[in-house]
Amino acid sequence: QVQLVESGGGLVELGGSLTLSCAASGSIFSIGTMSWYRQAPGKQRELVAFITSGGITHYVDSLKGRFTIFRDNAKNTMTLQMNSLKPEDTAVYYCNADISASPIGSSRNFWGRGTQVTVSL
(Lines give C-alpha, C1' and ligand atoms only; values in the text may rest on other atoms or scores of the structure.)
Protein backbone atom coordinates (compact mmCIF):
# COMPACT_ATOMS: atom_id res chain seq x y z
CA GLN A 1 0.00 0.00 0.00
CA VAL A 2 1.16 3.50 -0.81
CA GLN A 3 0.36 6.48 1.35
CA LEU A 4 0.85 10.19 0.84
CA VAL A 5 0.73 12.23 4.01
CA GLU A 6 0.72 16.02 4.06
CA SER A 7 1.82 18.12 7.00
CA GLY A 8 2.61 21.72 7.83
CA GLY A 9 -0.73 23.40 7.36
CA GLY A 10 -2.14 25.83 9.85
CA LEU A 11 -3.30 29.36 10.52
CA VAL A 12 -1.10 32.23 9.39
CA GLU A 13 -1.57 35.97 9.08
CA LEU A 14 -1.60 37.94 5.86
CA GLY A 15 1.92 38.12 4.47
CA GLY A 16 3.15 35.18 6.48
CA SER A 17 4.79 31.96 5.35
CA LEU A 18 4.13 28.27 5.66
CA THR A 19 5.99 25.18 4.55
CA LEU A 20 3.97 22.17 3.52
CA SER A 21 5.47 18.71 3.31
CA CYS A 22 4.32 15.52 1.63
CA ALA A 23 5.81 12.16 2.51
CA ALA A 24 5.26 9.05 0.42
CA SER A 25 5.53 5.67 2.07
CA GLY A 26 4.74 2.05 1.40
CA SER A 27 5.55 -0.15 -1.55
CA ILE A 28 7.42 2.31 -3.74
CA PHE A 29 9.79 1.53 -6.58
CA SER A 30 9.81 4.96 -8.15
CA ILE A 31 7.94 8.26 -8.03
CA GLY A 32 7.25 10.29 -11.12
CA THR A 33 5.68 13.71 -11.12
CA MET A 34 4.63 15.06 -7.74
CA SER A 35 2.10 17.85 -7.47
CA TRP A 36 0.35 20.15 -5.05
CA TYR A 37 -3.32 20.94 -5.54
CA ARG A 38 -5.64 23.05 -3.45
CA GLN A 39 -9.35 23.34 -2.96
CA ALA A 40 -10.96 26.39 -1.47
CA PRO A 41 -14.47 26.24 0.02
CA GLY A 42 -17.07 26.11 -2.73
CA LYS A 43 -14.48 25.87 -5.47
CA GLN A 44 -13.01 23.12 -7.61
CA ARG A 45 -9.68 21.57 -6.81
CA GLU A 46 -6.93 23.32 -8.75
CA LEU A 47 -3.30 22.68 -9.54
CA VAL A 48 -0.80 24.75 -7.58
CA ALA A 49 2.51 23.38 -8.86
CA PHE A 50 4.23 20.20 -9.94
CA ILE A 51 7.77 18.87 -10.06
CA THR A 52 8.99 16.00 -12.21
CA SER A 53 11.36 13.31 -11.06
CA GLY A 54 14.12 15.20 -12.84
CA GLY A 55 13.34 18.43 -11.01
CA ILE A 56 11.47 20.34 -13.69
CA THR A 57 8.92 22.58 -12.05
CA HIS A 58 5.72 24.28 -13.14
CA TYR A 59 3.63 26.82 -11.26
CA VAL A 60 0.26 28.33 -11.79
CA ASP A 61 1.02 31.80 -13.15
CA SER A 62 -0.72 33.61 -10.30
CA LEU A 63 1.52 31.90 -7.73
CA LYS A 64 4.89 32.35 -9.40
CA GLY A 65 7.33 34.14 -7.17
CA ARG A 66 5.47 33.36 -3.96
CA PHE A 67 5.47 29.56 -3.91
CA THR A 68 8.41 27.21 -4.39
CA ILE A 69 8.16 23.47 -4.88
CA PHE A 70 11.01 21.04 -4.38
CA ARG A 71 11.52 17.37 -3.62
CA ASP A 72 13.96 14.95 -2.09
CA ASN A 73 13.98 11.81 -4.20
CA ALA A 74 16.06 9.90 -1.67
CA LYS A 75 13.49 10.53 1.06
CA ASN A 76 10.37 10.36 -1.15
CA THR A 77 9.26 13.76 0.05
CA MET A 78 8.02 16.95 -1.54
CA THR A 79 7.82 20.42 -0.05
CA LEU A 80 5.90 23.57 -0.89
CA GLN A 81 7.32 26.79 0.51
CA MET A 82 4.61 29.44 0.55
CA ASN A 83 5.49 33.08 1.15
CA SER A 84 3.54 36.34 1.18
CA LEU A 85 0.35 34.44 1.86
CA LYS A 86 -3.00 36.03 1.10
CA PRO A 87 -6.51 35.22 2.32
CA GLU A 88 -7.29 33.83 -1.13
CA ASP A 89 -4.64 31.16 -0.54
CA THR A 90 -6.91 29.68 2.12
CA ALA A 91 -7.71 26.13 1.06
CA VAL A 92 -7.07 22.49 1.73
CA TYR A 93 -3.78 21.59 0.07
CA TYR A 94 -3.38 18.11 -1.38
CA CYS A 95 -0.35 16.13 -2.38
CA ASN A 96 -0.56 14.07 -5.57
CA ALA A 97 1.98 11.70 -7.08
CA ASP A 98 2.47 9.10 -9.79
CA ILE A 99 4.01 6.08 -8.11
CA SER A 100 5.24 2.75 -9.38
CA ALA A 101 5.29 -0.15 -6.97
CA SER A 102 7.58 -2.31 -9.09
CA PRO A 103 9.99 -2.04 -12.03
CA ILE A 104 7.37 -3.53 -14.34
CA GLY A 105 3.85 -2.30 -14.90
CA SER A 106 2.50 1.21 -15.01
CA SER A 107 2.40 3.82 -12.30
CA ARG A 108 -0.70 4.73 -10.34
CA ASN A 109 -1.86 8.12 -9.22
CA PHE A 110 -2.25 8.73 -5.51
CA TRP A 111 -3.70 11.51 -3.38
CA GLY A 112 -3.07 12.53 0.18
CA ARG A 113 -5.88 13.51 2.51
CA GLY A 114 -4.96 17.16 2.55
CA THR A 115 -3.82 19.77 5.02
CA GLN A 116 -5.72 22.95 5.83
CA VAL A 117 -4.11 26.33 5.24
CA THR A 118 -5.94 29.37 6.56
CA VAL A 119 -4.70 32.90 5.97
CA SER A 120 -6.25 35.60 8.15
CA LEU A 121 -6.30 39.36 7.68
ask   = Which value results when the Cα radius of gyration for the chain is divided by 2.2 N^0.38 Å?
value = 1.05
key: Residue with peak Gaussian network fluctuation, the chain [Cα springs, cutoff 10 Å], from ALA74, ALA23, ALA91   = ALA74
ask   = Which ³J(HN,Hα) values in Hz, rounded to whole numbers, follow from the phi angles of the stretch 17-33 under the Karplus curve 6.51 cos²θ - 1.76 cosθ + 1.60, where θ = phi - 60° and Gly and Pro get x?
value = 10, 9, 10, 9, 10, 10, 10, 9, 9, x, 7, 10, 9, 8, 10, x, 5
task = Provide TRP111, TRP36 ordered by accessible surface of protein heavy atoms (probe 1.4 Å), highest first.
result = TRP111, TRP36
message = Just to make sure I understand: if all protein chains stay in place, what is the order of PHE67, PHE110, PHE29 by accessible area at 1.4 Å, largest first?
response = PHE29, PHE110, PHE67
ask   = In what sequence, largest accessible area first, do ARG113, ARG71 appear using a 1.4 Å probe?
value = ARG113, ARG71
GLN39 versus THR19: modelled label distance in nm, points set 7 Å from Cα along the beta carbon direction = 2.8
query = How large is Rg over Rh for the stretch 10-57, taking Rg from the Cα atoms and Rh as the Kirkwood inverse mean of 1/r across Cα pairs?
reply = 1.04
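The values are calculated or read from the model by the stated rules, or taken from the named source; none is laboratory data. Please read all numbers here as calculations on a predicted model, not as lab measurements. Virtual Cβ from ideal backbone geometry, glycine too; neighbours counted across all protein chains shown. Surface areas here come from the heavy atoms of the whole protein model, side chains and all, with no ligands, DNA or RNA. Shrake-Rupley method; radii C 1.70, N 1.55, O 1.52, S 1.80 Å.
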